[in-house]
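Notes follow once the structure below has been shown.
Please treat every number below as a calculation from the coordinates, not as lab data. Everything numeric here is computed off the predicted structure, so don't read it as measured data. Backbone-built Cβ (ideal geometry, glycine too); neighbour counts: all protein chains shown.
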Amino acid sequence: VTDRRSRPPSDHSIASIDAHGYVVSVAPGLLGRAGEIILAAAPAHRYAVISDSNVAPFYADRLLAQFITGLGQPAGAVPLCTIPAGEAHKTRDTWTALTDQLLGAKLGRDSAIVALGGGVVCDMAGFVSATFMRGIPVVHVPTTLLAMIDASIGGKTGVDTPHGKNLVGAFHQPAAVVIDPEVLNTLPVAELRSGLAEALKHGAIADAEYFDFVSRTANALLAQDPSQRDVPALNHVIERSVRLKVGVVTADEREKGARKALNFGHTIGHAIELLSGFTMRHGEAVGVGMLLEATAAERDGITEPGTSARIRDALANAGLPTMRPAGPSASSIIEVLHGDKKSRGGAAEYAVPTRIGIMAAADSGFTVRLPDALVAEVLA
Ligand SMILES: NC(=O)c1ccc[n+]([C@@H]2O[C@H](COP(=O)([O-])OP(=O)(O)OC[C@H]3O[C@@H](n4cnc5c(N)ncnc54)[C@H](O)[C@@H]3O)[C@@H](O)[C@H]2O)c1
Ligand SMILES: [Zn+2]
């Protein structure tokens, strides 16, 4: 977690980060060589690519061409399964449609899946891979910042239900993760910004210096015109956050302890994301969640005064929301978060820092209980 080896990579170097059992590779232009990595990490008789309706038109051909030239698959033998873009489609119905497509294309046990897309595609394709023929390999080729630094790493897969997010799923580690930062050039800035919230979270839970770096450079990372962006800084964010997430999840693959730190901002964040009917992006909701959870923990005496103010400033620097949507009542948010996270006797569990870079309750499961009444006060 305190690995400080990462430096801004020079433009053409490949960073290979060992995640115990699979490697996360990061390099500009890597999409053009993804085929080699897929073949080596997940040798299979047949492949299928799962993507979404926004990403496939940009990048699917480039990936599919490598199956024909490099992997000896005849043209047309690799089904491209394209799901409609958006969180609203991360459902059991989409899982059914995808598995039917794979069965229809006669993929068997000796197949592998390539996930080409953001966190929704990674979670969805991951869950399909976890369950198809009782589990076949998946290689993630994440195309959003959020998926690069978070959703593609650690093996959590799943779908949403009307009762809450990610309530049906499985742990299924990828065979490899292939990150080409250049694909971020087509990502809408609002999505890039949403991913930056998770980078701020990584800093807040484990590395104060990194937190300040992300906050300070946010503006230069988020230029509307990709050619005006601070690319070395953006590549540094990807590499630093990947190393940090890998460090946490390899120490705790099944979320028994340290991994819970990654839930900072997510107890309240998931509830407001769900109650917004997914009009709020995941990262936007997590940003506000971090601010509100830190505020409550400050009032409870767990977190150092001034911590929530630093989070508020960092969110503002990144142009992320600092207020929750006004619609849902405090009590409805609390009701939803009780359904999402373990709760007992008028209090729910939260992962919060004692100050930026240091987590509370590190020796007792990385979770604290905050009284509902206090959280309600902060939400109001
Ligand atoms: N499994 C995990 O550990 C984990 C961790 C964090 C988040 N998640 C999940 O990830 C999801 C959020 O992921 P997200 O923020 O990537 O959302 P997303 O997958 O919906 O992608 C955001 C939008 O950007 C589009 N897009 C993606 N890449 C693009 C590109 N390169 N160019 C143009 N458009 C592109 C998508 O089509 C979509 O419209 C949530 O469902 C969340 O629960 C999972
Ligand atoms: Zn998240």
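For the stretch 266-375, the square roots of the Cα gyration tensor eigenvalues, ordered a ≥ b ≥ c, give a/c of at least 1.5 with a/b no greater than b/c, which places it in the oblate category.
Computed from the C-beta positions of Phe171 and Asp313, the FRET efficiency with R₀ = 25 Å rounds to 0.10. Rounded to the nearest 500, the helix-only mean residue ellipticity at 222 nm of the chain stands at -13500 deg cm²/dmol, with each DSSP H run of n ≥ 4 adding -39,500 (n - 2.57). Whole-Hz Karplus values for the stretch 257-274 come out as x, 3, 4, 4, 4, 5, 7, 3, x, 8, 5, 6, x, 4, 5, 6, 5, 5 Hz, taken residue by residue from phi with 6.51 cos²θ - 1.76 cosθ + 1.60 and θ = phi - 60°; glycine and proline positions read x. Once the Cα-Cα distance is subtracted from the 0.36 nm per residue extended length, the Ala326 to Ala190 segment shows a gain of 46.9 nm.
Per-residue Karplus couplings for the stretch 77-87, computed as 6.51 cos²θ - 1.76 cosθ + 1.60 with θ equal to phi - 60°, are listed in order as 7, 9, x, 9, 9, 10, 9, x, 5, x, 4 Hz, Gly and Pro entered as x. Modelled label positions at Asp100 and Arg299, each set 7 Å beyond Cα in the direction of Cβ, lie 4.9 nm from each other.
Extent of the stretch 111-243 along its three principal axes (Cα atoms, max minus min coordinate, largest first): 46, 28, 28 Å.
Under conditions of 37 °C and 0.692 mPa s, the chain yields 158 µm² s⁻¹ as its translational diffusion coefficient, taking Rh as the Kirkwood radius over Cα pairs in the Stokes-Einstein equation.
Return one quarter of the surface area of the convex hull spanned by the alpha-carbon atoms of the stretch 316-380, equal to its mean projected area, in nm². All intermediate terms of the calculation are to be shown ahead of the outcome.
Details: hull surface 22.4 nm².
Spelled out: convex hull of the Cα atoms, projected over all directions, averaged, 5.6 nm².
For the chain, lysine pairs separated by 8 or more sequence positions, or belonging to different chains, with Cα-Cα distances below 19 Å total 21.
Run through the DSSP bridge list for the chain and note the antiparallel percent, rounded to the nearest 5.
Details: 17 of 38 bridges.
So the antiparallel bridges in the chain amount to around 45 percent.
Modelled this way, with points 7 Å down the Cα-to-C-beta line, the labels at Ala223 and Asp363 are 4.9 nm from one another.
Computed from phi, the 3J(HN,Hα) profile of the stretch 138-150 under the Karplus parametrisation 6.51, -1.76, 1.60 (θ = phi - 60°) reads 10, 10, 8, 10, x, 10, 10, 4, 4, 6, 5, 9, 9 Hz, with x in place of Gly and Pro. Placing pseudo-labels 7 Å out from each Cα toward the beta carbon at Ala380 and Thr279 gives an inter-label distance of 2.5 nm. Relative to the longest principal axis of the Cα atoms of the chain, the long axis of helix 282-299 lies at roughly 30 degrees. Taking amide H as placed 1.01 Å from N in the peptide plane, Gly117 has its amide H under 5 Å from the amide H of Val141, Thr143, each at least 5 places away in sequence or on another chain.
Axis of helix 330-340 versus longest Cα principal axis of the chain: the two differ by about 50°, to the nearest ten degrees. Compared with the dominant principal axis of the Cα atoms in the chain, helix 307-317 is inclined by about 50°. Note on Asp18/Ala77: beta-carbon distance plugged into 1/(1 + (r/R0)^6) with R0 of 30 Å gives a FRET efficiency of 0.40. Taking a point 7 Å from the Cα of Arg33 along the Cα-to-Cβ direction, the residues of the stretch 154-184 with backbone N closer than 16 Å to it are 177-183. Residues whose amide H comes within less than 5 Å of that of Ala348, counting only those at least five positions distant or on another chain, are Leu370, Asp372 (H built at 1.01 Å from N in the peptide plane). Under a 5 Å amide H cut-off, with hydrogens placed 1.01 Å from N, Ala223 pairs with Asp230 among residues at least 5 apart or on other chains.
Each principal axis of the Cα cloud of the stretch 166-294 was evaluated for its coordinate range; sorted largest first, these ranges are 41, 33, 28 Å. Computed over the stretch 153-192, the P(r) curve from all C-alpha pair distances, binned at 10 Å from the origin, holds 23, 28, 42, 7 percent per bin.
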